[in-house]
Amino acid sequence: MTSVSWFADLRITDRPTVGGKGASLGELTHAGIEVPPGFVVTTHAFELFLKALEQSAPVRAAVEALDASNLDAVTALSRTLRARVEQEPLPQPVERAILDAHYQLTGGDLAITVAVRSSATTEDAEDASFAGLQDTFLWVLDAQDTVARVRECWGSLYSVESMTYRRKHGLPEDGVAMAVVVQTMVDARTAGVMFTRSPTTGDKSVITIEGAWGLGSAVVSGEVTPDRWVVGKITGEISVRDISDKHIRQVPAPGGGIVDEDLPADLRHAPALSDDELQALRAVGRRIEKHYGRPQDIEWAVDKEGKLLLLQSRPETVWSAREAAPVVKTEADPLKHVMTIFGGRK
């Protein structure tokens with residue numbers, strides 16, 4: 001097993017070793033979808049690090065012993081574990097693998113920045129979405145900073161929210177691991193999300209696209225109300241154009257990371273996507289849905305040159321879960337269904 005795997009070598013079946021994001025990005029790359037290039041720090045690297053960490057004090061057993069309703073205890077353990085993860089020396093082979101891969105990705109060009117994104121093995125599964133419970137870092141400047149952000153992603157597996165979620169759902173800690181995606185950063189002119197079925201009605205005949213100026217983090221976090229379009233999946237007809245007042249955009253900060261920037265007045269009410277770009281998104285959304293064989297929730301970006309890039313695709317879960325739920329409560333005696341249906345008749 002290796003500490004680093006490249007997108008080109010990965011498929012969706014590799015989720016156990018590279019997590020939901022990593023496996024999805026590998027699958028999209030394999031399918032010929034334009035994705036910013038990158039690699040994944042695998043769960044093998046995480047396991048090597050955790051093994052070294054547990055030589056001094058338990059980690060997984062301490063989490064499993066938590067009472068999810070005891071917020072003080074969860075908070076205290078979270079603080080302790082995150083500090084340990086961020087301070088413990090990395091196994092030398094793991095650190096070397098990350099540094100070498102970063103150099104291979106960037107060619108040592110300091111102008112090329114990366115995004116460092118958590119990719120937990122439990123997120124983006126078909127029956128649940130754990131998105132947002134772990135950390136993402138944008139506009140990471142160099143190799144050493146990348147190593148530090150990988151640590152912080154690992155540490156976010158022990159955030160209050162993440163640990164509480166796992167305890168409430170009874171997930172065994174032995175099955176929980178963290179991979180980390182490292183990919184070249186897109187200096188986005190416009191970015192957002194796309195749903196290949198309506199998130200509000202469940203309609204499978206339309207694609208809903210939401211986007212705003214700048215990096216997509218402002219849309220995902222809810223800091224900006226994005227423009228919204230509803231497009232016929234087959235016809236391409238744009239039936240809804242909901243253009244919002246977009247007061248800010250998120251842009252790269254000079255020292256790394258991102259910063260909010262006030263939008264010029266002429267852009268606040270201007271649509272963040274052209275009709276041609278909407279049709280390009282519709283086409284790639286249909287292609288991805290066909291590839292996976294089910295509706296998708298997709299993150300995308302358009303760079304300053306107008307190139308469309310896909311940043312993530314995960315199964316749509318809200319409407320799929322509703323459809324999977326039984327219409328009538330299961331009864332031990334099947335005749336009770338008949339009695340229920342006809343019980344009101346005389």
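The values are calculated or read from the model by the stated rules, or taken from the named source; none is laboratory data. Predicted model only: the values in this text are computed from it and were never measured. Here the Cβ positions follow ideal geometry from the backbone for every residue, glycine too, while neighbour counts run over all protein chains shown.
Of all residues in the stretch 233-262 being more than 30 Å from residue 206 (Cα to Cα) and of a type in the set (A, V, I, L, M), which is surrounded by the most Cβ atoms within 10 Å (Cβ to Cβ)?
Among those residues, the one meeting the criterion is 258.
Return yes when residue 105 is assigned by TED's automatic domain parsing to the domain that holds residue 24, part of a helix (DSSP H, G or I) and touching a Pro at 6+ places or on another chain (Cβ under 8 Å) and no when it is not.
In short, yes.
Among the residues of the stretch 100-108, is any touching a Phe, Trp or Tyr at 6+ places or on another chain (Cβ under 8 Å) and either over 30 Å from residue 310 (Cβ atoms) or hydrophobic (A, V, I, L, M, F, W, C) (or both)?
Yes, the conditions are met somewhere in the stretch 100-108.
So, in the stretch 23-51, of the ones that are under 20 Å from residue 101 (Cβ atoms), of a type in the set (Gly, Ala, Ser) and out of contact with any Lys or Arg (no Cβ under 8 Å at 6 or more places or on another chain), which residue ends up surrounded by the most Cβ atoms within 10 Å (Cβ to Cβ)?
Among those residues, the one meeting the criterion is 45.
So, in the stretch 201-227, how many residues would count as being over 18 Å from residue 269 (Cα atoms) and either among the small types (Gly, Ala, Ser) or not in a loop (DSSP other than H, G, I, E, B) (or both)?
Qualifying residue count, the stretch 201-227: 8.
For residue 32, are the conditions met, namely being free of Cβ contacts under 8 Å to residues at least 12 places away in the same chain and either assigned by TED's automatic domain parsing to the domain that holds residue 85 or part of a helix (DSSP H, G or I) (or both)?
yes
Which of the numbered conditions does residue 265 fail, given that it passes all the others? Conditions: (1) closer than 24 Å to residue 34 by Cα; (2) exposed (fewer than 13 other Cβ atoms within 10 Å of the Cβ).
(1)
Condition first: in a loop (DSSP other than H, G, I, E, B), in contact (Cβ under 8 Å) with a residue 40 or more places away in the chain and outside the structural domain of residue 146 (by TED's automatic domain parsing). Can you find one or more residues in the stretch 228-247 that meet it?
Yes: one or more hits.
Has the stretch 183-193 got at least one residue that is modelled with pLDDT under 90 and touching a helix residue (DSSP H, G or I) at 6+ places or on another chain (Cβ under 7 Å)?
No; the residues of the stretch 183-193 include none that is modelled with pLDDT under 90 and touching a helix residue (DSSP H, G or I) at 6+ places or on another chain (Cβ under 7 Å).
Name the pairs whose Cβ atoms lie under 6 Å apart, with the first residue in the stretch 66-91 and exposed (fewer than 13 other Cβ atoms within 10 Å of the Cβ), the second outside any loop (DSSP other than H, G, I, E, B), and 6 or more positions between them or separate chains?
86/151; 86/155
Can you name the residue in the stretch 96-116 that is under 19 Å from residue 46 (Cα atoms) and touching a helix residue (DSSP H, G or I) at 6+ places or on another chain (Cβ under 6 Å) and, of all such residues, is surrounded by the most Cβ atoms within 10 Å (Cβ to Cβ)?
116
Quick check on this structure: which one of 230, 220, 206 is farther than 21 Å from residue 286 by Cα and either loosely packed, with under 14 Cβ neighbours inside 10 Å or of a type in the set (A, V, I, L, M, F, W, C) (or both)?
220
Kindly provide the set of residues from the stretch 57-86 that are among the charged types (D, E, K, R) and in a loop (DSSP other than H, G, I, E, B), ordered by number.
Residue satisfying the conditions is 67 alone.
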